[in-house]
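One structure is given below, encoded as structure tokens.
The values are calculated or read from the model by the stated rules, or taken from the named source; none is laboratory data. Note that the structure is a prediction, hence the values are computed from the model and not measured. Here Cβ is always computed from backbone atoms with ideal geometry, including for glycine, and neighbour counts include all displayed protein chains. We work out accessible area using only protein heavy atoms, side chains counted, and drop any ligands, DNA or RNA first. Shrake-Rupley method; radii C 1.70, N 1.55, O 1.52, S 1.80 Å.
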Amino acid sequence: MAVEHPASPTIADKIYDKLFHNYVWKSIFRTGYPNTPRNQMLVVATNVFLHLHPTRIHRTHVKVTHTYCLGGLSFFMFLGLTVTGILLMFYYVPSVDRAYLDIQNIQTNVQFGQLMRNLHRWMAHAMVILVFLHMMRVFYTGAYKPPREFNWVVGVVLLVLTFLLSFTGYLLPWDQLAFWAITVGTNIAGSAPVLGPKSRFWLLGGLQVGPDALIRFYTLHVIGLPLLAAIFMAVHFWRIRRDGGLARPL
Amino acid sequence: MATAVVARPVARPQARARDEEVLVWPDLVFIEFIAALVFTITLFALASVMNAPLLDQANADVTPNPSKAPWYLLNLQELLLHMNAAMAGVIIPTIWLVIMGAFPYFDRDNDGQGAYFATENSVKITVVAGVIGIVGTWALILWDSGKIAFFLNDWFGLSGGDRLRFLENVRSFQSQVQWPDWASDIPYLPFNLKILASDAPGGPTEFQHIDFPGFIVEIAIPMLAMVALPTIMIYAMWRLGWVQTRRDALLALFSGFIGAYGVLTLAGTAFRGQGQELVFPWELKVSEGIPGQEAH
Ligand code: HEM
């Protein structure tokens with residue numbers, strides 16, 4: 001009678017074993033691919049990036065047509081903008097003498113500089129659109145209703161922060177488009193009764209768009225507003241978990 | 001002294017339905033991964049074929065005509081053309097953000113929660129309110145830029161003559177109506193001032209002045225349009241029996257807003273040419289220079 005022997009390991013198995021079961025790899029990834037439900041839940045609960053999620057969610061929410069991933073993609077844009085933004089910061093100095101030349105330099109002399117600038121620009125537009133669409137999807141699924149009232153408010157703050165992030169970034173290339181768009185934009189803000197002129201002055205650091213405005217917009221754009229947005233996003237995500245995951249019909 | 005802590009009826013998270021749940025890994029993580037991948041690829045593709053704009057270096061002496069804010073603010077810039085600047089640029093957006101933030105505190109039950117268009121009539125309300133928002137906003141823009149009068153005249157030979165000229169757009173209400181002189185210069189006292197004799201120690205009372213026709217045109221009519229039209233729409237839908245709950249009212253309000261907001265953004269972006277004239281998108285061009293003596 002023939003006896004079945006376990007097949008002896010092939011070359012591929014050996015390579016796989018050497019690559020992924022060695023001491024260094026295992027020090028980083030404590031386990032292999034999580035192929036049992038128990039391990040799949042564990043990986044979501046213990047991985048620093050995945051633990052924003054619960055380990056299990058209601059089946060209606062994994063349908064793409066429920067969220068269209070819009071909130072997640074807004075966050076993804078935020079991350080991508082952070083990465084490309086940091087790369088741009090290496091080359092960009094927010095002074096009236098240098099800003100424009102630095103952008104030109106990024107486009108012509110820096111390896112992948114033009115690509116980084118393009119990505120940053122188009123992602124910024126995409127984020128504004130995605131956040132707005134996300135708000136629409138939340139509204140039309142009635143997901144602002146109790147107990148998610150406050151998270152909707154946090155969302156409205158995030159919408160404003162997204163606009164402000166984009167608006168402050170708009171000035172930085174210091175070209176005609178930037179200069180006049182910000183002039184028009186801050187004139188709009190300056191028309192407010194009582195607080196308008198003062199807040200315009202604070203925003204610009206003067207009466208018109210100039211060196212002080214550039215440094216203020218830069219500082220707000222690269223640290224002030226992203227920090228605020230990150231804090232509000234942290235609250236936003238935490239509240240989603242606290243409110244029992246995404247909304248579903250009663 | 002006893003203080004009682006009264007438990008308020010605050011909504012609690014729903015009980016979980018474990019048998020209806022799926023694992024986040026792999027089901028959700030996979031979808032997120034694909035979505036991120038699709039966006040990464042699309043954005044890289046876009047970024048390699050389309051460059052971010054870079055015009056000439058900023059120059060405070062050379063004003064492009066038209067000068068425009070970033071596109072997502074052009075809705076406000078469009079409003080600005082039709083009314084008082086503070087109202088269009090700051091007051092209305094602020095009020096709207098507050099109203100929107102207050103949605104969940106107005107509509108507090110769980111009707112229609114967690115699924116698209118789950119309540120009766122919701123599709124009907126959304127579509128009709130959206131269309132009204134779109135058509136109504138276009139109509140108002142066309143009217144206020146004098147285009148409706150122009151079309152009536154040019155295409156159908158209809159003309160109201162001088163008698164109806166004041167209907168041409170909002171501001172002609174100010175310029176084409178015979179207002180008595182005092183109307184544009186009504187003195188009034190700011191809140192806390194008293195009437196003082198002209199030889200009083202603090203000097204005579206300083207009056208402020210209201211331009212009444214200006215107020216009508218810049219503030220009252222636009223405000224009326226923005227408050228009354230949505231109110232009438234929601235009221236009509238209520239009388240029709242479409243709007244029955246607060247959720248329904250919000251559906252109408254929000255959908256009307258989306259329609260109007262979209263049109264304002266589009267009009268400001270693609271239909272406003274030199275001097276903020278209303279033109280077709282293919283007629284758009286920008287010239288630079290000191291107003292009146294542009295280079296070309
Ligand atoms: C930077 C901006 C934002 C980010 C990164 C973000 C992110 C997210 C994510 C990842 C979710 C999970 C579900 C989904 O993807 O749809 C979510 C849900 C939610 N978001 Fe946002 N969001 C942002 C802005 C907003 C805005 C503008 C609003 C509303 C005004 C909002 C209100 C909500 C609410 C109420 C939920 C819970 C939805 C539910 O239970 O179905 N968020 N958000």
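Computed quantities for the displayed model
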quantity: Normalised alpha carbon radius of gyration of region A:176-250 [divisor 2.2 N^0.38 Å]; calculated: 1.59
quantity: Portion, in percent, of the accessible area of region B:33-186 that falls on carbon or sulfur, probe 1.4 Å; calculated: 67
quantity: Semi-axis lengths, Å, region A:63-117, gyration tensor of Cα atoms, sqrt of 5 times eigenvalues; calculated: 32, 11, 8
quantity: Under the span-like rule (Cα at least 24 Å along the axis, Kyte-Doolittle mean at least 0.5), DSSP H helices of chain B; calculated: B:29-49, B:122-144, B:221-239, B:246-270
quantity: Amide H contacts under 5 Å for B:ASN65, placed H, 5+ residues apart; calculated: B:SER287, B:GLU288, B:GLY289
quantity: Local electrostatic count, A:LYS63, Cβ distance below 13 Å [Lys/Arg +1, Asp/Glu -1]; calculated: +1
quantity: Chain A, helix-only ellipticity at 222 nm - DSSP H runs n ≥ 4, -39,500 (n - 2.57), divided by all residues, nearest 500; calculated: -20500 deg cm²/dmol
quantity: With at most 12 neighbouring Cβ atoms within 10 Å, loop GluC sites (Glu not before Pro) (DSSP) excluded, longest segment of chain B; calculated: B:1-205
quantity: Total accessible surface hidden between B and A, rounded to 100 Å², 1.4 Å probe; calculated: 7800
quantity: Largest-first principal axis extents of the Cα set of chain B (Å); calculated: 81, 72, 49
quantity: Subset of B:LYS124/B:LYS147; A:LYS198/B:LYS285; B:LYS68/B:LYS147; A:LYS18/A:LYS63; A:LYS26/A:LYS63 violating a 27 Å alpha-carbon distance limit; calculated: B:LYS124/B:LYS147; A:LYS198/B:LYS285; A:LYS18/A:LYS63; A:LYS26/A:LYS63
quantity: Helix A:149-171 axis, angle to chain A major axis (alpha carbon atoms, nearest 10°); calculated: 60
quantity: The protein assembly as shown: C-alpha pair distances exceeding 35 Å, %; calculated: 51
quantity: Crossing angle, helix A:99-108 versus chain A [Cα axis fit, 0-90 degrees, rounded to tens]; calculated: 40
quantity: Placed amide H near B:ARG272: partners under 5 Å, 5+ positions off or other chain; calculated: B:VAL279
quantity: Beta bridges per DSSP with both ends in the protein assembly as shown, % antiparallel, nearest 5; calculated: 100
quantity: Shape metrics for region A:67-242, restricted to C-alpha atoms - Rg then Dmax, Å; calculated: 17.5, 54
